[in-house]
1. If you keep only loop residues by DSSP, which chymotrypsin sites (Phe, Trp or Tyr not before Pro) in segment 1-36 have at most 13 other Cβ atoms within 10 Å of their Cβ?
2. Over its Cα atoms, what ratio of radius of gyration to 2.2 N^0.38 Å does the chain give?
3. Return the subset of LYS102/LYS143; LYS59/LYS138; LYS81/LYS118; LYS59/LYS135; LYS67/LYS135 for which the Cα-Cα distance in this structure is over 27 Å, preserving the input order.
4. For every other residue with a beta carbon closer than 12 angstrom to the beta carbon of GLU147, add +1 if it is Lys or Arg and -1 if Asp or Glu, then tell me the sum.
5. Give a quick list of chymotrypsin sites (Phe, Trp or Tyr not before Pro) in segment 64-136 that DSSP marks as loop, anything other than H, G, I, E or B, with at most 10 other Cβ atoms within 10 Å.
6. In Å, what Rg and Dmax follow from the Cα atoms of segment 117-156?
7. In what order do HIS80, HIS88 fall by count of nearby beta-carbon atoms within 10 Å, going from fewest to most?
8. Take the alpha carbon atoms of segment 81-157, find their radius of gyration, then divide it by 2.2 N^0.38 Å using N residues; give the quotient.
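A short reminder: the numbers here are calculations on the coordinates, not readings from a lab. Because the structure is a prediction, the values reported are computed rather than measured. Cβ coordinates were reconstructed from backbone atoms using ideal geometry, including for glycine residues, and neighbour counts include every protein chain displayed.
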Amino acid sequence: MNKNIKLVIAGLLIILGIYMMFFTRSIGWGVVVFLLSAFPILLYFKNEYILLAFWYMRKNDIPKAAKWLSQVTNFKSQLHKSQYGYFHYLQGLTLAQDNPAKVEPLMRKALEYGLNMKQDRAMATLNLAATAISKGRKQEGQKLLEEAKRLDTAGLMTDQIKMMKEQLKMPSMQKHMHNPNMRQRGKYF
């Protein structure tokens, strides 16, 4: 649902509540309808699909979270600006196990648009560090791990950060590394 329709619904409920309180003298029902107008206003700032996706992510039901995220077809018209980052963040988390190559641009967009909580920013930078390490960019991975450690004030991701630092210490096999015991071959042979 478009975010502006929610404001129109809230406005209509407020007008109906005022009408019921003052013109029909149904003060009780007027107050109830007036209070019900808070829901569309809340859903204007916190989208229902994002809230449901967070709910299913907490339950570790990633396919259902992905299903609710797929309901957002045009994020700029359906979401408030403060929700853009979380939309990309949740998309990245749902794709992390199936398509790790698609996670990096989504997490970069999430950090670009902004995430409110430090733990969410730490998780996004940790995912970026994992992608950088897997692609062989050790210096960038090290910087991102230090940033994730700084952002993780509650210490929820210390085990993952330690595991990634151990991965950094391991020697990596580069794509063009040759066996030194092999004889040197010519360009065409």
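1. Those satisfying the criteria are PHE23.
2. Expressed relative to 2.2 N^0.38 Å, the Cα Rg reads 1.53.
3. Violating the 27 Å Cα-Cα cut-off are LYS59/LYS138; LYS59/LYS135; LYS67/LYS135.
4. Its environment carries a net charge of +2.
5. none
6. For segment 117-156, the Cα radius of gyration and maximum Cα-Cα distance read 9.7, 29 Å.
7. HIS80, HIS88
8. That ratio works out to 1.02.
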